[in-house]
Amino acid sequence: MRRDHRRFNNRLNALRDRIAEWAAQHQAAELERRVLHALGERPRDTDRVQMAVAYALVVRPPGQSSLIEAWIEAHPRGGSRMERAVRDAWRTCTYRLLSVTEVRPGEAFVAEDALSGERLTIQEGTATQDTLLVGDWLLGVVFHVDGEPLMEGTAELLAPAAVPPVFAVMSALGEGDGHGAAWAALTAVHEAYTANPDGQTDEATDLGTLRG
């Protein structure tokens, strides 16, 4: 990842921590509701809790603004140039279902958007070393920095059982930036894991089969 992207991510994480503190003070009940929705009934380790907080801040429930949007409205002045870049990235981010088609260890992965067919090369060091494999599926927020796509901290690595129902939800509701389907998509993830606790399914989960 280029140095400016590391700086961007560092500023994003610091600003997200500030927004989480603000939300805990000013919209505590709503923050808790959104975090609990993100967690569902699955085991709650540190990584999942951190993902749930990121999700609770950036994802918009049906008919509502995101907590990040609420914070920006309450703090309209942008601050530093890097902070303004983070705000702009959040304003224009998209919610995606991605199929991993190539992994470059320690560098990046290539993924295809299940709905649009767009291919994205996403800079990522750690996950490409020891987590991601070709054929994996990711659900989460993507934004662009200097024209390059990056994934926000909401990324969810989906088990096979969750892919078909999430694809169905995203196909029905995921037009535009995809945020309209985000809440329902994660509901579909939780329901899939309840029905299939091991995350496995006999249904095919490749792009060709899903698209018919």
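Details
- Potential lengthening between Glu69 and His5 on full extension [0.36 nm per residue; Cα-Cα distance subtracted]: 20.8 nm
- Mean-position separation - Cα centroids, the stretch 14-71 and the stretch 142-164, in angstrom: 17 Å
- Per residue value of the accessible surface for the chain (all protein chains in place, 1.4 Å probe), Å²: 50 Å²
- Placed amide H near Ala108: partners under 5 Å, 5+ positions off or other chain: Glu124
- Overall Cα dimensions of the chain, principal axis frame, Å, largest first: 50, 38, 32
- Cβ-Cβ FRET estimate between His26 and Glu107, R0 fixed at 30 Å, reported to 0.05: 0.15
- At 1.002 mPa s and 20 °C, Stokes D of the stretch 1-74 from Kirkwood alpha-carbon radius, µm² per second: 164 µm²/s
- Loop-located trypsin sites (Lys or Arg not before Pro) in the stretch 1-98 whose Cβ has at most 12 other Cβ within 10 Å (DSSP): Arg2, Arg44, Arg77
- Between Gln50 and Gln200, the FRET efficiency from the beta-carbon distance, with R0 = 30 Å, is close to 0.70.
- Folded to 0 to 90 degrees: helix 81-92 orientation relative to the chain principal axis, Cα: 40 degrees
- Sulfur and carbon atoms: percent of accessible area, the chain [1.4 Å]: 48 percent
- For the stretch 90-152, the equivalent ellipsoid built from the Cα gyration tensor has semi-axes of 18, 14, 10 Å, listed from largest to smallest.
- Residues of the stretch 20-47 with an amide N closer than 15 Å to a point placed 7 Å from the Cα of His190 along the Cα-to-Cβ direction: 30-44.
The values are calculated or read from the model by the stated rules, or taken from the named source; none is laboratory data. Since the model is a prediction, treat every value here as computed from it, not as a measurement. Using ideal geometry, Cβ is built from the backbone for each residue, glycine included, and neighbour counts are taken over all protein chains shown. In case anyone asks, the SASA skips ligands and DNA or RNA and just uses the protein heavy atoms, side chains included. Shrake-Rupley method; radii C 1.70, N 1.55, O 1.52, S 1.80 Å.
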